[in-house]
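Since the structure comes first, as structure tokens, the remarks are kept for the end.
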Amino acid sequence: MKRRKLLKEEEIATEVRACEAPGCESEAVHRAPRSRTNLTDSYWFCLDHAREYNASWDFFQGMSQSQIEQYVRDDVTGHRPTWPFGLGKIGVQTINDMLTGNIRDAYGMFGRKGPQTPHQERPPVSPEKRKALAKLGLEPHAGVKEIKERYKELVKRYHPDMNGGDRSGEEKLRDTNEAYRTLMRRSE
């Protein structure tokens, strides 16, 4: 019985696959992918032709730089959709609602009763943001639109080109630009 088994293994081992390179009759023992979309379908080459093929094959051929970067980012998770641990797909929307204040607390579990409007509870303003808003002469809870309007107004007021070359407002213009950068960095 053992002898029979050995003979079958020897017969299997004696099957020789020919190299798929044109004009080559060497034994093909190395696989090479045919395309990036179907990596399981392969060419069979001898060692020399496998090296030659691999040197010329480009997985990312025909893809733009942004497509390559997106592929690399998605490769971290094996190209599968992801969401925060323990939440599932539904939990992501719930977290987003809680962060934006759009959650309805009909039973008062979070200290509020009924539907909420965005102006009832505002998040605290950081000292850095409060200082930047004061430089622009705005209230602590000013919106992005108000900030942009005030910034345009102050730039027109202090810029030397708008004041006939007068440089007396340059320090205030620098403060205005710094405050605006701080507020826009925080609101993104």
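Just how many pairs of Lys in the range 127-187 have C-alpha atoms closer than 14 Å, counting pairs that are eight or more places apart or on different chains?
6
5 Å is the cut-off here: which amide hydrogens, built 1.01 Å from N in the peptide plane, fall below it relative to Arg36, excluding neighbours closer than 5 in sequence?
none
With a Förster radius of 35 Å, plug the Cβ-Cβ distance of Asp161 and Arg130 into 1/(1 + (r/R0)^6) and report the FRET value to the nearest 0.05.
E between Asp161 and Arg130, to the nearest 0.05, is 0.70.
Stretch Glu153-Asp48 to full length: gain in nm at 0.36 nm per residue minus the Cα-Cα span? Show your work: numbers first, answer last.
Details: separation 105, 0.36 × 105 = 37.80 nm, distance 7.09 nm.
So the extension gain works out to 30.7 nm.
Could you list which residues have their amide H under 5 Å from that of Ala21, counting only those 5 or more apart in sequence or on another chain, with H placed in the peptide plane?
Cys46
Quick one: if the Förster radius is 35 Å, what FRET efficiency do Cys24 and Ile68 give, using the C-beta to C-beta distance and rounding to 0.05?
With a Förster radius of 35 Å, E is 0.60.
Taken together, the values in this text are just the output of simple stated rules run on the coordinates, not laboratory data. What you see is a predicted model, and the numbers here were worked out from it, not measured in a lab. Glycine also receives a Cβ, built like all others from the backbone with ideal geometry; neighbour counts cover every protein chain displayed.
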